[in-house]
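Take a look at the structure below.
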């Protein structure tokens with residue numbers, strides 16, 4: 001954490017930096033305007049960790065970033081309340097599942113013939129190999 005940038009090391013700040021780069025040639029200013037920020041510099045301040053992402057801006061920013069609003073909301077909750085509170089919210093309401101994760105679940109179901117396979121050590125190793133982990 002840097003003085004004046006208390007949110008710079010949050011997963012949200014890291015995600016924004018990466019996602020904005022991935023969307024090039026779309027500009028950061030265009031994303032900010034599309035998300036409805038009155039001050040286009042607000043996105044810079046959130047990305048750099050100076051400001052938090054207001055929760056009411058999550059849906060519009062997710063649309064502008066072309067990302068899953070559930071994922072962005074989870075990251076914003078972590079930033080707003082800390083990881084401990086985010087875990088409590090997840091414990092109460094369940095795991096946030098993104099559209100991409102839902103697609104993976106559908107693929108596993110299809111590939112397994114809807115047999116509800118358990119996660120074996122072999123399956124875990126295969127999944128980690130796909131993501132080079």
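Every number in this text was worked out from the coordinates using simple rules, so none of it is lab data. What you see is a predicted model; the values in this text were computed from it and never measured. With ideal geometry, Cβ positions are generated from the backbone for all residues, glycine too; neighbour counts draw on all protein chains shown.
Could you grab the relative contact order for the chain? Cα pairs under 8 Å, six or more apart, rounded to a whole percent.
Numbers: 116 pairs, mean separation 27.1, N = 133.
Relative CO of the chain lands at 20 percent.
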Nearest 10, in degrees from 0 to 90: the angle of helix 69-81 to the longest Cα principal axis of the chain is 60
Pick out which of 68, 56, 116 has the largest mean-square fluctuation in a Gaussian network model of the chain, springs linking Cα atoms closer than 10 Å. 116
Read-out Cα Rg over 2.2 N^0.38 Å, candidates [x] 1.24; [y] 0.98; [z] 1.06; calculated match is [x]
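Grab the Cα-Cα distance for residue 106 and residue 41, subtract it from 0.36 nm times how many residues apart they are, and report the gain in nm with one decimal. Intermediate values should be presented prior to the final figure.
Values: separation 65, 0.36 × 65 = 23.40 nm, distance 3.95 nm.
Length difference between fully extended and current span is 19.4 nm.
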Using label points projected 7 Å from each Cα along Cα→Cβ, tell me how many nm separate residue 63 and residue 120, to one decimal. 4.6
Could you run the Debye sum over the Cα atoms of region 35-86, one equal point scatterer each and no solvent, and tell me log10 of I(q)/I(0) at q = 0.30 Å⁻¹, two decimals? -1.27
Give the separation of the Cα centroids, region 1-34 to region 60-133, in Å. 21
Taking 0.36 nm per residue of sequence separation and subtracting the Cα-Cα distance, how much length would be gained by fully extending the chain between residue 96 and residue 23, in nm to one decimal? 23.9 nm
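Rank-order 105-111, 80-86, 12-18 by packing density, defined as the average count of other C-beta atoms within 10 Å over each peptide's residues, highest first. Don't skip to the answer; put the middle values down first.
On the way: 105-111: 11.1, 80-86: 13.3, 12-18: 17.4.
Peptide ranking by packing, descending: 12-18, 80-86, 105-111.
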With springs only between Cα atoms under 10 Å, which of 49, 94, 113 fluctuates most in a Gaussian network model of the chain? 113
